[in-house]
Amino acid sequence: MKKLVTILVFFLYVSTLIACQDATPDPSLDDSLDFLDIYYINDLHGAILPNQDSIGMAHMANFLLYQKNQNPDETLILAGGDILHGSALSNANYGALMIEMMNVMGFDAFVIGNHEFDWGLDKVTRYFNNSDDHIA
């Protein structure tokens, strides 16, 4: 019985909070955004150049740069991890070339994946400080 009363009180509390919300829209919010293009990549594994498994970052760059230049405020470019480690070209500088390409292409966010840790935590975290000292 005590459990039932606790659940009922919780339900009434939440219902009261929901009922008290002001449904009036905030006039200070900018609602002029008509669309949002989201481009997302993951598991590129350092493929800068095209190969049998990937079109490569070099080919993606043209398309993504064009899209970002056409609609800079309505375009998000995201990377979901496992981007740096994999190809000999990217591995030679611990992913620094991939990071440089992502910066030039205007990536908005990058989540590190498990293979970004293949070189150790110190190699991955040096990209976080937003400086130029990450080139290998």
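The values are calculated or read from the model by the stated rules, or taken from the named source; none is laboratory data. Every value quoted in this text rests on a predicted model; they were computed, and no experiment measured them. Cβ coordinates were reconstructed from backbone atoms using ideal geometry, including for glycine residues, and neighbour counts include every protein chain displayed. These area figures cover heavy atoms from the full protein model, side chains too; ligands, DNA and RNA do not enter into them. Shrake-Rupley method; radii C 1.70, N 1.55, O 1.52, S 1.80 Å.
Six or more apart or on different chains, Cβ atoms under 8 Å: show the pairs whose first residue is in region 52-68 and under 19 Å from Ser87 (Cβ atoms) and at pLDDT below 85 and whose second is open to solvent by less than 100 Å² (accessible area, probe 1.4 Å) and of a type in the set (Phe, Trp, Tyr).
From residues that are under 19 Å from Ser87 (Cβ atoms) and at pLDDT below 85, there are no pairs.
Given the criterion surrounded by 19 or more Cβ atoms within 10 Å (Cβ to Cβ) and acidic (Asp, Glu), identify the matching residue among Asp43, Asp82, Asp73.
Unique residue meeting the criteria: Asp82.
Is one or more of the residues making up region 94-105 farther than 12 Å from Ile41 by Cα, open to solvent by 40 Å² or more (accessible area, probe 1.4 Å) and not in a helix (DSSP H, G or I)?
Checked against the condition, which is being farther than 12 Å from Ile41 by Cα, open to solvent by 40 Å² or more (accessible area, probe 1.4 Å) and not in a helix (DSSP H, G or I), region 94-105 yields at least one hit.
Only one residue in Tyr66, Tyr127 is among the hydroxyl-bearing types (Ser, Thr, Tyr) and either open to solvent by 80 Å² or more (accessible area, probe 1.4 Å) or touching a strand residue (DSSP E or B) at 6+ places or on another chain (Cβ under 6 Å) (or both), so which one is that?
Tyr66
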